[in-house]
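One structure below.
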Amino acid sequence: MFGERSIPLFHVFGIRIGANPSWFLFLFLMIYWLSGYFAKILVGYSSNVSFAVAVTATVLFFASLLLHELGHALAARRQGIATVGIDLWLLGGVAKLSRDSNTPGEEFKVAAAGPAVTALIVALCFGLAALTSQDASLINVTTGKVIASSPLIALIGWLGIVNVALLLFNLVPAFPLDGGRIARAVAWKVTGSKGQGTRLASYLGQLFGSVLIMLGILALVRGDLISGLWLVILGWFLLSAARSAIISSRFMEQLEGITAGDLMDAEPISIPSSATVIEANQQFFSRYHWPWFAVVDQLGHLEGILTAEKVNQQLATDLGQEMTISELVDPLLDNDAAVSPQMPLEILLSTEAIRLFGAVLVTDNDNRLLGIITLQRIQQALTAAQTKT
């Protein structure tokens, strides 16, 4: 699947930018193709100029894709959704978010942000063209009807028209395209069911993917090898992604109604905050061999967690071993390690604590520790739901 085996490139706004190996192949193929394209457009210029414009156009094209995905990522960040990274690959780019949207509003804002950025790029390209040339010259160059233009106009014209195509394609209401996600948000809002919204948009995605495959086969029959293969690959990807989304939505519906309170161990082992470092080590870490424990005060209020690493570091100093553990407690500020018993399992799956700690704590409105949910209990619930689908 795309995004796997990603090669890290750089970071933007703290977001890791990477590239799938397929992207490098597409990069060179695109430069080769654009070199021929600009050689036809830039009559009277040397092949070196055409090549330089082709390289610049390729870089700017992928920069526009990156800006498109950053639009999604930054919009998601505003909704409280972290971005694991952005990967460039054979068919463009993808922002890998830490969780799915919880509301139709979140889904709409995140989905619409990418096309909004692309629309701004289109406006910028045509605005620059208007300042540097006549509008007719730009349109003719981008449509290939004129074979003479300056390198700057040729570059701006191509970048503008390719982003128009990117914008229109992404707005097709077919999941998993941005337009499909917008359609899912609307259907989700109307029906009140995320699953129904996902399936509606995914059925449209299957239809659109099938159409692309048929168009690709038709192009292959007519002898257009490159366009035909491209359409078939793109159609197959959309068709497969839409099918997976339908299966996933039905599976997630089996989890509806299951909450953190249903899954938690209501008798969690916790360390009193008054315990010393030696007591914590002897009575808990050496006995159970767990990597961390919840720490509570005398009334059962959760103060945070204590890790074996911090206890071992303190024991190794031969100083302060009789100190209480309160100074070593991590307060769990921003990692969703404590949730309410009403939290649905679907949302629980996306909490950062599951990835960091392999478990999540359950507390009441007064921050009293009620229980703990381990990854094993979640896996058992998922297995049970899978047998029902």
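Please identify the pairs in which a residue from the range 73-100 that is farther than 19 Å from Val117 by Cα has its Cβ atom under 9 Å from the Cβ atom of a residue that is of a type in the set (Gly, Ala, Ser) and in a strand (DSSP E or B), counting only partners at least 6 apart or on another chain.
Hits for this filter: Val84/Ala95; Trp89/Ala19.
Which of (1) under 29 Å from Leu231 (Cβ atoms); (2) out of contact with any His (no Cβ under 6 Å at 6 or more places or on another chain); (3) buried (at least 18 other Cβ atoms within 10 Å of the Cβ) does Val117 not meet, given it meets every other one?
It is condition (2) that Val117 fails.
Collect the residues in the range 355-368 that are surrounded by fewer than 19 Cβ atoms within 10 Å (Cβ to Cβ) and either closer than 25 Å to Ala384 by Cβ or modelled with pLDDT under 85 (or both), keeping them in residue-number order.
Pass one, the range 355-368, residues surrounded by fewer than 19 Cβ atoms within 10 Å (Cβ to Cβ): 355-356, 358, 364-368.
Within the range 355-368, Arg355, Leu356, Gly358 meet the criteria.
Considering Arg222, Arg184, Arg243, which residue is buried (at least 20 other Cβ atoms within 10 Å of the Cβ), modelled with pLDDT of 90 or more and of a type in the set (Lys, Arg)?
Details: Arg222 fails: buried (at least 20 other Cβ atoms within 10 Å of the Cβ); Arg243 fails: buried (at least 20 other Cβ atoms within 10 Å of the Cβ).
Criteria check complete, one pass: Arg184.
Mind listing whichever residues of the range 27-60 are assigned to a helix (DSSP H, G or I) and among the aromatic types (Phe, Trp, Tyr)? Before the answer, list the steps.
Going residue by residue through the range 27-60, those that are assigned to a helix (DSSP H, G or I) are 27-41, 47-60.
Hits for the range 27-60 are Phe28, Tyr32, Trp33, Tyr37, Phe38, Phe51.
Can we say Leu239 is in contact with a Ser or Thr (Cβ under 8 Å, 6 or more places away or on another chain) and among the aliphatic types (A, V, I, L, M)?
Numbers: in contact with a Ser or Thr (Cβ under 8 Å, 6 or more places away or on another chain): yes; among the aliphatic types (A, V, I, L, M): yes.
For Leu239, the condition - in contact with a Ser or Thr (Cβ under 8 Å, 6 or more places away or on another chain) and among the aliphatic types (A, V, I, L, M) - is met.
Would you point out which residue out of Ser22, Ser64 is touching a residue at least 60 places away in the same chain (Cβ under 8 Å) and closer than 16 Å to Val117 by Cα? Walk me through how you get there before you give the answer.
On the way: Ser22 fails: closer than 16 Å to Val117 by Cα.
So the residue among Ser22, Ser64 that is touching a residue at least 60 places away in the same chain (Cβ under 8 Å) and closer than 16 Å to Val117 by Cα is Ser64.
Is it the case, given these coordinates, that Ile121 is β-branched (Val, Ile, Thr) and at pLDDT 95 or above?
Details: β-branched (Val, Ile, Thr): yes; at pLDDT 95 or above: yes.
Answer is yes for this residue.
When the residues of the range 89-120 are narrowed to those that are of a type in the set (A, V, I, L, M) and under 12 Å from the mean Cα position of the chain (by Cα), which ends up nearest to Pro344 (Cα to Cα)? Spell out how you get there, then give the answer.
Just the residues of the range 89-120 that are of a type in the set (A, V, I, L, M), to begin with: 90-91, 94-95, 97, 110-113, 116-117, 119-120.
After this cut, where a residue has to be under 12 Å from the mean Cα position of the chain (by Cα) as well, the list is 94-95, 97, 110-111.
Values: Val94: 27, Ala95: 25, Leu97: 19, Val110: 22, Ala111: 23 Å.
Ranking the qualifying residues of the range 89-120, first place goes to Leu97.
Kindly evaluate Asp364 against the criterion of being within 22 Å of Glu267 (Cβ to Cβ) and acidic (Asp, Glu).
On the way: within 22 Å of Glu267 (Cβ to Cβ): yes; acidic (Asp, Glu): yes.
When the stated conditions are applied, Asp364 passes them.
If you take the residues of the range 75-99 that are in a helix (DSSP H, G or I) and in contact with a helix residue (DSSP H, G or I) (Cβ under 7 Å, 6 or more places away or on another chain), which of them is farthest from Tyr37 (Cα to Cα)?
Initially, the range 75-99 is screened for residues in a helix (DSSP H, G or I), giving 75-78.
Restricting the remaining residues to those that are in contact with a helix residue (DSSP H, G or I) (Cβ under 7 Å, 6 or more places away or on another chain) gives 75-76.
On the way: Ala75: 36, Ala76: 37 Å.
Out of the qualifying residues, it is Ala76.
Quick check on the range 315-323. Is at least one of its residues surrounded by 15 or more Cβ atoms within 10 Å (Cβ to Cβ) and without any contact (Cβ under 8 Å) to a residue 24 or more places away in the chain?
no
Any residue in the range 33-43 that is within 14 Å of the chain's Cα centre (by Cα) and among the basic types (Lys, Arg)?
Looking only at the range 33-43, we keep the residues that are within 14 Å of the chain's Cα centre (by Cα), and these are none.
Scanning the range 33-43 turns up no residue that is within 14 Å of the chain's Cα centre (by Cα) and among the basic types (Lys, Arg).
Determine, yes or no, whether Leu225 is aliphatic (A, V, I, L, M), out of contact with any strand residue (DSSP E or B) (no Cβ under 8 Å at 6 or more places or on another chain), assigned by TED's automatic domain parsing to the domain that holds Leu207 and in contact (Cβ under 8 Å) with a residue 12 or more places away in the chain.
Details: aliphatic (A, V, I, L, M): yes; out of contact with any strand residue (DSSP E or B) (no Cβ under 8 Å at 6 or more places or on another chain): yes; assigned by TED's automatic domain parsing to the domain that holds Leu207: yes; in contact (Cβ under 8 Å) with a residue 12 or more places away in the chain: no.
Taking the combined requirement at face value, the residue does not satisfy it.
Can you list the helices (runs of 4 or more DSSP H) lying wholly within the range 282-372 that have 1 or more residues being aromatic (Phe, Trp, Tyr)?
Values: elements: 308-317, 345-348, 352-357.
It comes to 352-357.
How many residues are part of a helix (DSSP H, G or I) and modelled with pLDDT of 90 or more when one looks only at the range 1-26?
So the first thing to find is which residues in the range 1-26 are part of a helix (DSSP H, G or I), and the list is 21-26.
Okay, now just the ones that are also modelled with pLDDT of 90 or more, so none.
Matching residues across the range 1-26 total 0.
The values are calculated or read from the model by the stated rules, or taken from the named source; none is laboratory data. Not measured: the values here are computed from a predicted model. Every residue, glycine as well, gets a Cβ built from its backbone with ideal geometry; the counts of neighbours run over all protein chains shown.
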